[in-house]
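Colleague: Before we start, here is the structure in question, set down as structure tokens.
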Amino acid sequence: MGVLRMGYAHIRVTDMAEAKKHYVDSLGMKPMEEGDGKAYFKGWDEWDHHSVVLEEGGVGAVKFGFKVEKLEDLERFENQGKAFGDCVVERFSKGDNLEVGDGVRFTTPGEHVIEIYHEMTLVGNDVGFHNPEAWPRHEYGMAVPALDHALLVCQDPTLSERFFKEVLDFYPTERVQPELESEQCMATWLSAGQKIHDIAILGGPVQGKLHHFAFQLEDWSKVLRAADIISMDDISLDIGPTRHGITRGETIYFFDPAGNRNEVFAGGYRAYPDRPCVVWTPDQLAKGIFYHDRVLNEAFTTVWT
Amino acid sequence: MSVLTVLPDNERVLVKPGETILAALTASGFGYRIGCRRGGCAVCKVDLRDGSVTYDHPVADTVLTSEEVAAGTVLSCRAVPDGDITIELRDERLRVTSSLLRALRPVPPTKTKE
């Protein structure tokens, strides 16, 4: 099946001590390892070694890693990258990323760095795989189970969408288009399997920027509980709790202490490659983004790191 | 307490020790263009016209370059005034977002010229 999921997000933060407090105490991630100016974290239901890498110095995304099902997928996607042409393709070796095997690194037309890999050290989740409990008894903070997706900002979202479709076999589930019949998109949500999105791309005046990276929670009540923790910990709130028309997700957005946007969300629906792609047009875009308010706030479409 | 003067409308607000420009304006019932409030997105930049500021957190040089600092650009969500300062907003005016908050924080008296 090719790409399994987004396996890691490697993010820059200005102050590592504050960032660790945010991702561990507020989001409830587990610290896995630290050294060389980087710190590694995982959610309670993730079995690979880590899903978030923080690096001190600057803001924004360094890169994202997607795990592939089979070793031979690496070569197949590498060849598809070379055939696509409009991206940089290079190999990287086991050990270049802590606890990660060999892989292929792409620099997309939107100047985002996307890595694919087949191996990461298996450490197990917090409930185990033999007669497991439903959730860890001593979960902490928002208790994010796992990394889910990211929204990237670049100047030509139609071209970056083509990269994910033609190189990594993603398919769009929802698109914002200038009109109903159009090849062009202003934003696009793409799936590699049955999640409603594994990556999303938003058009903007900049290249290589991060709008947000997100964690999926079990249900709407967990999103509301996350909102309480955002207040308790004086986290900068962006918007929510609310629902998106796009993806039907129930969501809240906030910023980490370096200003990188995080999302925790629930809901959505199951994606299939043969399900007709949902199209949103500018006349209903505000409802698509914020289904209840139906008003676009300026920050949501202009703030990124 | 120090005084923050905001151009172009010459609004004056009190700043408590340690408060950022954003915190003082929010507590005084004023709004302006802001983004992440955490120094990452660069949306809340203003121009320093008088006085100086100190940053209460490290700021990424991709967000605020040394050339911008030299030219008087201030990242208002992280900048703490060193005493009385004057800033100017870029292509916008302060908006009253809470008349209650505005009434609750006393407005500093206008200095008479000596």
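The values are calculated or read from the model by the stated rules, or taken from the named source; none is laboratory data. This structure is a prediction, so every number in the text was calculated from the model and none was measured. We place every Cβ from the backbone using ideal geometry, glycine too, and count neighbours over all the protein chains shown. Areas reflect the complete protein model, heavy atoms only, side chains present, ligands, DNA and RNA absent. Shrake-Rupley method; radii C 1.70, N 1.55, O 1.52, S 1.80 Å.
Colleague: If you check A:ARG243 against the conditions, is it open to solvent by 30 Å² or more (accessible area, probe 1.4 Å), out of contact with any Pro (no Cβ under 8 Å at 6 or more places or on another chain) and not acidic (Asp, Glu)?
Modeller: When the stated conditions are applied, A:ARG243 passes them.
Colleague: Follow-up. Which of the residues spanning the stretch A:89-108 are closer than 18 Å to A:LYS165 by Cβ and over 20 Å from the mean Cα position of the chain (by Cα)?
Modeller: A:VAL89 - this is the single residue of the stretch A:89-108 that is closer than 18 Å to A:LYS165 by Cβ and over 20 Å from the mean Cα position of the chain (by Cα).
Colleague: Which one of these is surrounded by fewer than 20 Cβ atoms within 10 Å (Cβ to Cβ), touching a residue at least 12 places away in the same chain (Cβ under 8 Å) and assigned to a loop (DSSP other than H, G, I, E, B): A:GLY95, A:GLY58?
Modeller: Answer to the check: A:GLY58.
Colleague: Also, I was wondering about something else. Does at least one position in the stretch B:50-57 carry a residue that is more than 11 Å from chain A (Cβ to nearest Cβ), of a type in the set (A, V, I, L, M) and crowded, with 17+ Cβ neighbours inside 10 Å?
Modeller: yes
Colleague: Of the numbered conditions (1) out of contact with any helix residue (DSSP H, G or I) (no Cβ under 8 Å at 6 or more places or on another chain); (2) surrounded by fewer than 18 Cβ atoms within 10 Å (Cβ to Cβ); (3) not in a strand (DSSP E or B), A:LYS222 satisfies every one except a single condition; which is it?
Modeller: If we test A:LYS222 against (1) out of contact with any helix residue (DSSP H, G or I) (no Cβ under 8 Å at 6 or more places or on another chain); (2) surrounded by fewer than 18 Cβ atoms within 10 Å (Cβ to Cβ); (3) not in a strand (DSSP E or B), just (2) comes out false.
Colleague: So the check is Cβ under 6 Å with 6+ separation or different chains; which pairs have a first residue in the stretch A:256-281 that's more than 21 Å from A:ARG5 (Cα to Cα) and a second one that's of a type in the set (D, E, K, R) and modelled with pLDDT of 95 or more?
Modeller: A:PRO257/A:GLU18; A:PRO257/B:ARG38; A:GLY259/B:ARG38; A:VAL278/A:GLU174; A:VAL279/A:ARG175
Colleague: For residues in the stretch A:15-53 being within 14 Å of chain B (Cβ to nearest Cβ) and more than 18 Å from A:PRO145 (Cα to Cα), which is surrounded by the most Cβ atoms within 10 Å (Cβ to Cβ)?
Modeller: A:ALA19
Colleague: Shifting gears a bit: Looking only at the stretch A:177-193, count every residue that is in a loop (DSSP other than H, G, I, E, B) and within 17 Å of A:MET6 (Cα to Cα) and tell me the total.
Modeller: Going through the stretch A:177-193 one residue at a time, the tally reaches 2.
Colleague: Scan the stretch A:284-305 for residues that are in a helix (DSSP H, G or I), surrounded by 14 or more Cβ atoms within 10 Å (Cβ to Cβ) and either within 14 Å of chain B (Cβ to nearest Cβ) or in contact with a Pro (Cβ under 6 Å, 6 or more places away or on another chain) (or both) and jot them down.
Modeller: Scanning the stretch A:284-305 gives A:ALA299, A:PHE300, A:THR301, A:THR302.
Colleague: Got at least one residue in the stretch B:28-42 being surrounded by fewer than 17 Cβ atoms within 10 Å (Cβ to Cβ), away from chain A (no Cβ under 14 Å) and either under 25 Å from A:ASP238 (Cβ atoms) or among the charged types (D, E, K, R) (or both)?
Modeller: Looking through the stretch B:28-42, none of the residues is surrounded by fewer than 17 Cβ atoms within 10 Å (Cβ to Cβ), away from chain A (no Cβ under 14 Å) and either under 25 Å from A:ASP238 (Cβ atoms) or among the charged types (D, E, K, R) (or both).
Colleague: Of all residues in the stretch A:230-283 being touching a strand residue (DSSP E or B) at 6+ places or on another chain (Cβ under 7 Å) and of a type in the set (Asp, Glu), which is farthest from the other protein chains (Cβ to nearest Cβ)?
Modeller: Per the criteria, the residue is A:GLU250.
Colleague: Report yes if some residue within the stretch A:38-45 is free of Cβ contacts under 8 Å to residues at least 40 places away in the same chain and closer than 25 Å to A:ARG105 by Cβ; otherwise report no.
Modeller: Checked the stretch A:38-45: at least one residue is free of Cβ contacts under 8 Å to residues at least 40 places away in the same chain and closer than 25 Å to A:ARG105 by Cβ.
Colleague: Another one. Quick one: which of A:GLU119, A:GLU166 is touching a residue at least 24 places away in the same chain (Cβ under 8 Å), in contact with a Gly (Cβ under 6 Å, 6 or more places away or on another chain), surrounded by fewer than 17 Cβ atoms within 10 Å (Cβ to Cβ) and not hydrophobic (A, V, I, L, M, F, W, C)?
Modeller: A:GLU119
Colleague: When only residues in the stretch A:61-82 that are touching a residue at least 40 places away in the same chain (Cβ under 8 Å) and over 16 Å from A:LEU4 (Cβ atoms) count, which is surrounded by the fewest Cβ atoms within 10 Å (Cβ to Cβ)?
Modeller: In this case the residue turns out to be A:VAL62.
Colleague: If only one of A:GLN155, A:GLN207 is within 14 Å of chain B (Cβ to nearest Cβ) and modelled with pLDDT of 95 or more, which one is it?
Modeller: Sole residue among the options that is within 14 Å of chain B (Cβ to nearest Cβ) and modelled with pLDDT of 95 or more: A:GLN207.
Colleague: State the number of residues belonging to the stretch B:58-99 that are surrounded by fewer than 16 Cβ atoms within 10 Å (Cβ to Cβ), in a loop (DSSP other than H, G, I, E, B) and on the phi < 0 side of the Ramachandran plot.
Modeller: The number of residues fulfilling the criteria is 10.
Colleague: While we're here: Of the residues B:ASP91, B:ASP82, only one is farther than 24 Å from A:GLY60 by Cα and within 14 Å of chain A (Cβ to nearest Cβ); which?
Modeller: Answer to the selection: B:ASP91.
Colleague: Now a separate question. Do we have A:ALA227 as under 27 Å from B:GLY31 (Cβ atoms), surrounded by fewer than 23 Cβ atoms within 10 Å (Cβ to Cβ) and of a type in the set (A, V, I, L, M) here?
Modeller: Yes, satisfied.
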